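Encoded as structure tokens, the structure appears first; notes follow it.
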Amino acid sequence: MLIMYATTGISKCGNQISDINNDEKLDITEESNDSNSFCENCPLDGDSTSTKEIDDTEDGDIFYKFVILHAETDELEAIRVKDMLQDKFNIKPGLIFAEMPAGQNILKNLDNAVNGSAWTILLLTENFLRETWCEFQSHATLINSIHMCHKYNSVIPVRPKDNYLPREKTPFALKLINALEERNPEFSKQVKKTFHDSLYKKQYDIWKAEKEGMGNQSH
């Protein structure tokens, strides 16, 4: 469940957030029981687990590889980035927030989008700061990733090649997270190091178990 409130609490997971342009790192840690942490076995670079056909459940629901949260005016750019990740890097299925069901409560859509996908991409453009909804989206997803261990490091800021949000204008909390920058010559390598099938499989298993648990309760 997406956590929709501000908090000063820290996750039981040890979480390390870093700045992509320097070596300084902010460590957020708290004593935890390692046996209860999903973070202790975060995948290493190059980990790969086959995920063919695991995204469809019996009731037709899909667990997505990623969802892109974006400014309303950036819908076309979000579609371009989605298509690039799917077609060039074979990271699929993915969706953008504008593709969520129309007419449904917007907070419910955000909850379903974030918890129904392995990674949440924040599309950092100049339009990002112009919409209060984008600020709320970023705060909610960051809090969610702190409080839910299986969402560890699942929020991925992305600066597209055009109209991107400069670092000096980026909100402080997002500056602390490694961002993927499309103009960076190492972008392709960064993408491949970020999206691990093993992490997707782990989140999918948790999502499926929760879905089956809710289904059993309804009978």
| request: Please state which of the following conditions SER188 fails to meet, knowing it meets all the rest: (1) open to solvent by less than 20 Å² (accessible area, probe 1.4 Å); (2) at pLDDT 95 or above; (3) out of contact with any Asp or Glu (no Cβ under 6 Å at 6 or more places or on another chain); (4) of a type outside the set (Phe, Trp, Tyr). | output: (1)
| query | Can you name the condition, by its number, that LYS108 falls short on among (1) among the charged types (D, E, K, R); (2) open to solvent by 30 Å² or more (accessible area, probe 1.4 Å); (3) farther than 21 Å from PHE63 by Cβ? | reply | (3)
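Hey, among SER145, SER154, which residue is within 19 Å of GLU210 (Cβ to Cβ) and open to solvent by less than 10 Å² (accessible area, probe 1.4 Å)? Can you show your working first?
On the way: SER145 fails: open to solvent by less than 10 Å² (accessible area, probe 1.4 Å).
On inspection, the qualifying residue turns out to be SER154.
Among the listed residues PHE172, PHE128, PHE187, which satisfies the condition of being touching a Cys at 6+ places or on another chain (Cβ under 9 Å) and farther than 30 Å from GLU212 by Cα? Reasoning before the result, please.
Numbers: PHE172 fails: touching a Cys at 6+ places or on another chain (Cβ under 9 Å); PHE187 fails: touching a Cys at 6+ places or on another chain (Cβ under 9 Å).
None of the others qualify; the one that does is PHE128.
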| query | So GLY103 fits all but one of (1) in a loop (DSSP other than H, G, I, E, B); (2) touching a helix residue (DSSP H, G or I) at 6+ places or on another chain (Cβ under 6 Å); what number is the exception? | reply | (2)
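Determine, yes or no, whether THR194 is of a type in the set (Ser, Thr, Tyr), over 17 Å from LYS82 (Cα atoms) and surrounded by 15 or more Cβ atoms within 10 Å (Cβ to Cβ).
Considered against the rule, which asks whether it is of a type in the set (Ser, Thr, Tyr), over 17 Å from LYS82 (Cα atoms) and surrounded by 15 or more Cβ atoms within 10 Å (Cβ to Cβ), THR194 comes out as no.
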| task | List every residue pair whose Cβ atoms sit under 7 Å apart, with the two residues 6 or more apart in sequence or on different chains, where the first one lies in segment 139-164 and is over 18 Å from ASN127 (Cβ atoms) and the second, anywhere, is assigned to a helix (DSSP H, G or I) and charged (D, E, K, R). | result | ASN144/LYS151; SER145/LYS151; HIS150/LYS202
| With ALA140, ALA102, ALA113, ALA118 as the choices, which residue is over 13 Å from LYS65 (Cα atoms), among the hydrophobic types (A, V, I, L, M, F, W, C) and within 16 Å of the chain's Cα centre (by Cα)? | ALA140
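Can SER138 be described as open to solvent by less than 30 Å² (accessible area, probe 1.4 Å), closer than 17 Å to GLN203 by Cβ and hydroxyl-bearing (Ser, Thr, Tyr)?
Details: open to solvent by less than 30 Å² (accessible area, probe 1.4 Å): yes; closer than 17 Å to GLN203 by Cβ: no; hydroxyl-bearing (Ser, Thr, Tyr): yes.
No: the conditions fail for SER138.
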| request: Count, please, the residues in segment 138-187 that happen to be in a helix (DSSP H, G or I) and small (Gly, Ala, Ser). | output: 4
| field | Of all residues in segment 116-137 being part of a loop (DSSP other than H, G, I, E, B) and in contact (Cβ under 8 Å) with a residue 60 or more places away in the chain, the one that is nearest to PHE97 (Cα to Cα) | value | GLY116
| said: Among (1) open to solvent by 40 Å² or more (accessible area, probe 1.4 Å); (2) touching an Asp or Glu at 6+ places or on another chain (Cβ under 9 Å); (3) among the hydrophobic types (A, V, I, L, M, F, W, C), there is one condition MET214 misses while meeting the rest; what is its number? | reply: (2)
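The values are calculated or read from the model by the stated rules, or taken from the named source; none is laboratory data. Predicted, not measured: the structure shown is a model, and the values here were computed from it. Here Cβ is always computed from backbone atoms with ideal geometry, including for glycine, and neighbour counts include all displayed protein chains. Surface areas here come from the heavy atoms of the whole protein model, side chains and all, with no ligands, DNA or RNA. Shrake-Rupley method; radii C 1.70, N 1.55, O 1.52, S 1.80 Å.
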